[in-house]
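S.K.: One structure is given below, represented as structure tokens, and several questions about it will come after.
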Amino acid sequence: MIEDDTQALARGLNRRDPDLLDRLIEEYQYRLFRYLIYLTGNREHAEDFFQETWMRVIERSHQYNGKWKFEAWLFTIARNLVIDWQRKKKPSSLDELMAPADDAPAFEPAAVAEESPFERAVQQQSDATVQALLGRVPAVFREVLMLRFQEEMKLEEIASITGAPISTVKSRLYRGIEALREMLPEGRI
Amino acid sequence: MSEDMHARARHLIDQERVEGILADADRMWLAEHLRGCDACVRAAGETERALASLRSTRIELPRGLARRAQMSVRLRADELHERGAGRKLLWAVSGVSWALGVASAPWVWRGFAWVGKHADIPKPLWVLGFVLWWAVPALLAAGAVLASRKREWDQEPY
């Protein structure tokens, strides 16, 4: 069933069906933007990469063959764009993308607001605390934590997105959890 | 209790979350350990709390984010369709040109030979002329395609 869906998606992408693309952008906007925020740690960059990712999707739509989930392909494109940009900005090892640069702006996603003012304030405080903590977790760990525990992706899918072996993904997850746990102030969240 | 046992317990706590599964023997060992170890129970709670916080964190989307992307993508799709049509035309013209070139090659060869003979041009020279007659248009077309690709490459923002 899922395979049929992805095959249908692949055919639609191959035709560059504008309605399908509209629907995909709508459907994946939150997840893609959140991923880019966690990857870049910066809203403006995330917004630029969001646009650029969809441009790449349409340009490379013929490359999606439906064997993988669409989101894994989408996130791989987004990730490659960020890495290319990082390489051009500061030619060095890819791992440096994952450690916040000295001059990099702070991790700055803002919280969402949907509930009552009180609930909103509490939620915002909690989100802000978690986000501040996440900003101190190296991006290499932040990325896999987000893919595993927010996107609930399988280890294999994370490995395909990050281009790392599953053993590396696991090791990053263990270290990420450790880092997050150590930073979590008791009773604050 | 030894430090090794606490370390094993904490590894298993994390493993259950990372891999989503524990071997039966490990699960039983962990449950037994947690019954008698407050520090590891606390660690399990902290891990759960950290991951629950991570899951519940929300991000505010910039206003009009999807709409802007949809507009850009539609424009790009139109561009690509137009370019695709242009490429098809280029291929068709190239195909016809190649077929005509092949079909007319014997006559062109004879023509070059005739000119070479009557104008007293050495054979290597008129053969070179024949080769260039074939190669120059193809080289010019390839150059034009490469230049257009380079322009596209330079325009890419990242």
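The values are calculated or read from the model by the stated rules, or taken from the named source; none is laboratory data. Owing to the predicted nature of the structure, the values given are computational and were not obtained by experimental measurement. Note: ideal-geometry Cβ built from the backbone for every residue, glycine included; neighbour counts use all protein chains shown. Just the protein is used for accessible areas: all its heavy atoms, side chains included, with ligands, DNA and RNA removed. Shrake-Rupley method; radii C 1.70, N 1.55, O 1.52, S 1.80 Å.
S.K.: Give all pairs with beta carbons closer than 6 Å in which a residue from the stretch A:21-38 that is touching a residue at least 40 places away in the same chain (Cβ under 8 Å) and within 7 Å of another protein chain (Cβ to nearest Cβ) meets a residue that is in a helix (DSSP H, G or I) and crowded, with 19+ Cβ neighbours inside 10 Å; count only pairs at least 6 apart in sequence or on separate chains.
M.R.: A:ILE37/A:ALA46
S.K.: If I filter the stretch B:78-94 for residues that are modelled with pLDDT under 90, closer than 30 Å to A:PHE141 by Cβ and open to solvent by 60 Å² or more (accessible area, probe 1.4 Å), do I get at least one hit?
M.R.: Of the residues in the stretch B:78-94, the ones modelled with pLDDT under 90 are B:78-94.
Pick out the ones that are also closer than 30 Å to A:PHE141 by Cβ and you get none.
No, because not a single residue in the stretch B:78-94 is modelled with pLDDT under 90, closer than 30 Å to A:PHE141 by Cβ and open to solvent by 60 Å² or more (accessible area, probe 1.4 Å).
S.K.: Go through (1) within 14 Å of chain A (Cβ to nearest Cβ); (2) touching a Phe, Trp or Tyr at 6+ places or on another chain (Cβ under 6 Å); (3) open to solvent by 40 Å² or more (accessible area, probe 1.4 Å); (4) not charged (D, E, K, R) for B:PHE112 and report which single condition fails.
M.R.: (1)
S.K.: Restricting attention to the stretch A:55-76, which residues are surrounded by fewer than 22 Cβ atoms within 10 Å (Cβ to Cβ), more than 7 Å from chain B (Cβ to nearest Cβ) and among the hydrophobic types (A, V, I, L, M, F, W, C)?
M.R.: If the condition is that a residue be surrounded by fewer than 22 Cβ atoms within 10 Å (Cβ to Cβ), more than 7 Å from chain B (Cβ to nearest Cβ) and among the hydrophobic types (A, V, I, L, M, F, W, C), then A:TRP68, A:PHE70, A:ALA72 are the ones that fit.
S.K.: List the number of the failed condition for B:GLN70; all other conditions in (1) assigned to a helix (DSSP H, G or I); (2) in contact with a Pro (Cβ under 9 Å, 6 or more places away or on another chain); (3) closer than 30 Å to A:MET146 by Cα; (4) open to solvent by 60 Å² or more (accessible area, probe 1.4 Å) hold.
M.R.: In the conditions (1) assigned to a helix (DSSP H, G or I); (2) in contact with a Pro (Cβ under 9 Å, 6 or more places away or on another chain); (3) closer than 30 Å to A:MET146 by Cα; (4) open to solvent by 60 Å² or more (accessible area, probe 1.4 Å), B:GLN70 misses (4) alone.
S.K.: On to the next question. Give me the residue from the stretch B:49-67 that is of a type in the set (S, T, N, Q) and assigned to a helix (DSSP H, G or I) and, out of that set, least open to solvent (accessible area, probe 1.4 Å).
M.R.: Here is the first cut: in the stretch B:49-67, the ones of a type in the set (S, T, N, Q) are B:53, B:56-57.
Those left that are additionally assigned to a helix (DSSP H, G or I): B:53, B:56.
Working: B:SER53: 7, B:SER56: 53 Å².
Looking at residues that are of a type in the set (S, T, N, Q) and assigned to a helix (DSSP H, G or I), I get B:SER53.
S.K.: May I ask you to say which residue of A:GLU151, A:GLU156 is buried (at least 16 other Cβ atoms within 10 Å of the Cβ), out of contact with any Leu (no Cβ under 6 Å at 6 or more places or on another chain), modelled with pLDDT of 65 or more and of a type in the set (Asp, Glu)? Before you say what the answer is, go through the steps one by one.
M.R.: On the way: A:GLU156 fails: buried (at least 16 other Cβ atoms within 10 Å of the Cβ).
One residue alone meets the criteria, A:GLU151.
S.K.: Also: Among the residues of the stretch A:25-54, how many are buried (at least 19 other Cβ atoms within 10 Å of the Cβ), within 16 Å of B:GLN70 (Cα to Cα) and out of contact with any Asp or Glu (no Cβ under 7 Å at 6 or more places or on another chain)?
M.R.: Going residue by residue through the stretch A:25-54, those that are buried (at least 19 other Cβ atoms within 10 Å of the Cβ) are A:25, A:28-29, A:32-41, A:43, A:46-47, A:49-50, A:52-54.
The next check asks that each one be within 16 Å of B:GLN70 (Cα to Cα); those that pass are A:25, A:28-29, A:32-33, A:47, A:49-50, A:52-54.
Then drop every residue that is not out of contact with any Asp or Glu (no Cβ under 7 Å at 6 or more places or on another chain), which leaves A:25, A:29, A:32-33, A:47, A:49-50, A:52-54.
Total meeting the criteria: 10.
S.K.: Limited to the stretch B:49-90, what total is found for residues that are farther than 23 Å from A:GLY12 by Cα and more than 10 Å from chain A (Cβ to nearest Cβ)?
M.R.: Of the stretch B:49-90, the ones farther than 23 Å from A:GLY12 by Cα are B:49-64, B:89-90.
Adding the requirement that they be more than 10 Å from chain A (Cβ to nearest Cβ) leaves B:63-64, B:89-90.
Total satisfying the criteria: 4.
S.K.: Quick one: how many residues across the stretch A:159-189 are modelled with pLDDT under 90, more than 9 Å from every other protein chain (Cβ to nearest Cβ) and crowded, with 16+ Cβ neighbours inside 10 Å?
M.R.: Of the residues in that region, 1 qualify.
S.K.: Can you name the number of the only condition in (1) assigned to a helix (DSSP H, G or I); (2) exposed (fewer than 13 other Cβ atoms within 10 Å of the Cβ) that B:ILE21 fails?
M.R.: (1)
S.K.: Which of the residues spanning the stretch B:30-48 are open to solvent by 60 Å² or more (accessible area, probe 1.4 Å) and of a type outside the set (Asp, Glu)?
M.R.: Within the stretch B:30-48, the subset open to solvent by 60 Å² or more (accessible area, probe 1.4 Å) is B:32, B:35, B:38, B:41-42, B:48.
B:ARG35, B:VAL41, B:ARG42 - these are the residues of the stretch B:30-48 that are open to solvent by 60 Å² or more (accessible area, probe 1.4 Å) and of a type outside the set (Asp, Glu).
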